[in-house]
Amino acid sequence: MSYDDLNLLNEKYIQLHTVGLDNYVFLNNDTNYELKQHFVEGFENNFDEKLFRESYNSKKEYCEERGIEYKFYVIPDKAIVCKDYLPFTPKVINRNYDLIGDLVPDFIDVLEPSDYYKCDSHINFKGALKYSAEMMHDIRSEVSSQMYKEAIKENTIHKKVPVNGDLCHFKHPRMDQKEIVDRYDFMFLEYSDKYEYADNPFVMPEEFAKVGVRDSVYMRNRFSLSDMDCLLLRSSAANRYMDVLNVFFKSMFAYWDHWYFNTDLIEWYNPDIVIELRPERFLENMKYEIIE
């Protein structure tokens, strides 16, 4: 028996969820109301398009004044890409993203349901690889996204691994309850909070090493496709992206910012590019910082 053979309606869970078709499970107990914001007609969401544009433009201007690129990417929600596997037929499909699609990309056209975990709310490693190739092309368009995708695969190790999804916290877990998925690990990963290279030592300042309980991560690649240092403002979704993005960037500081645009961190790290990588559902409760 495997995960796909399970009758999820008979399984015992710790966490609330909505079971869809073909054992796809959807998030329904988060504060961003993923299912409601997309599929309930007349749902009063909190997203403010005007404030988003003001915040985006202020961050972009702040970075560009310092010779830094600024990018904001939206990861499409699982419920949107995998809507054909919902346990109901949506009468309406609402996306906050549609209000800002002229400003920031979501690369939804390259994604398909198999790019998301069945048992987890996030995009999976296969989907993150495809999405990352689009990001690289968006940043440096002289190389096609297909060529970036091939370069990523050449520099990563492909595995099949079992996962415990965040939507399938079984009370009495068994091996056959684990979904088997593709994983891509960067083979030359130098992944730590501290380096002792004599030619280029790195020590993470204490004030940037953690946000609440969330640790910051510094990654470096001496064989990178570009010569860029990246500051990645992230959430848990970025865990699937960091290895493949490290193929592209010379170094990357991944900071779990909780929507806090930390200008002190930017001044210290002085990256070539600042990237905000945001799951679509988080737009519902984002903070609209205006950077002076």
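The values are calculated or read from the model by the stated rules, or taken from the named source; none is laboratory data. Predicted model only: the values in this text are computed from it and were never measured. No Cβ is skipped: glycine too gets one built from the backbone with ideal geometry, and neighbour counts run over all protein chains shown. In case anyone asks, the SASA skips ligands and DNA or RNA and just uses the protein heavy atoms, side chains included. Shrake-Rupley method; radii C 1.70, N 1.55, O 1.52, S 1.80 Å.
For Arg66, what accessible surface area do you get with a 1.4 Å probe? Give it in Å², rounded to 10.
We get 100 Å² for Arg66.
Could you check the spin-label model distance between Leu21 and Lys287? Points 7 Å from the Cα along Cα→Cβ, value in nm.
Taking the simple label geometry, Leu21 and Lys287 are separated by 4.1 nm.
Mind grabbing the accessible area of Ile157 for me, 1.4 Å probe, Å², rounded to tens?
Looks like 80 Å² after rounding.
Of the heavy-atom accessible surface of region 119-189 (probe 1.4 angstrom), what whole percent is carbon and sulfur?
Working: 1780 of 3410 Å².
Carbon and sulfur together cover 52 percent of it.
How much accessible area does Asp84 have with a 1.4 Å probe, in Å² rounded to the nearest 10?
Approximately 120 Å² of Asp84 is accessible to the 1.4 Å probe.
Are there chymotrypsin sites (Phe, Trp or Tyr not before Pro) in region 57-154 that DSSP marks as loop and that have at most 12 other Cβ atoms within 10 Å, and which are they?
Answer in residue order: Phe88.
Given a 1.4 Å probe, how much area per residue of region 116-184 is accessible, in Å²?
Details: 3190 Å² over 69 residues.
Here the per-residue accessible area is 46 Å².
Return the ratio Rg/(2.2 N^0.38 Å) for the chain, where Rg is computed over Cα atoms only. Can you show the working numbers first?
Numbers: Rg = 19.5 Å, N = 292, 2.2 N^0.38 = 19.0 Å.
Here the Cα radius of gyration is 1.02 times the empirical estimate.
Alpha carbons only, please: Rg and Dmax for region 202-292, in angstrom.
In order Rg, Dmax, the Cα atoms of region 202-292 give 13.0, 38 Å.
Kindly provide the chymotrypsin sites (Phe, Trp or Tyr not before Pro) of region 222-257 that DSSP labels as loop, not H, G, I, E or B, and whose Cβ sees at most 15 other Cβ atoms within 10 Å. Walk me through the intermediate numbers first.
Details: sites: Phe223, Tyr241, Phe248, Phe249, Phe253, Tyr255, Trp256; in loops: Phe223, Tyr241, Phe249.
Listed in order of number, the matching sites are Phe223.
Where the accessible area of region 244-292 is counted over protein heavy atoms with a 1.4 Å probe, how much of it, in %, is carbon and sulfur? Can you show the working numbers first?
Details: 750 of 1590 Å².
In region 244-292, the share of accessible area belonging to carbon and sulfur is 47 percent.
Quick one: plug the Kirkwood hydrodynamic radius of region 227-280 (C-alpha pairs) into Stokes-Einstein at 20 °C, 1.002 mPa s, and report D in µm²/s.
Working: Rh = 11.3 Å.
Translational diffusion coefficient: 189 µm²/s.
Calculate, in whole percent, how much of the Cα-Cα pair population of region 52-98 lies beyond 14 Å.
Details: 690 of 1081 pairs.
Result for the distance tail: 64 percent.
Between Glu65 and Asn270, 0.36 nm times their residue separation minus their Cα-Cα distance comes to what?
Values: separation 205, 0.36 × 205 = 73.80 nm, distance 1.23 nm.
Extra length available between Glu65 and Asn270 comes to 72.6 nm.
Quick one: what does P(r) look like for region 24-173 with 5 Å bins over all Cα pairs, in whole %?
Final binned percentages: 2, 8, 14, 17, 18, 16, 13, 9, 4, 1, 0.
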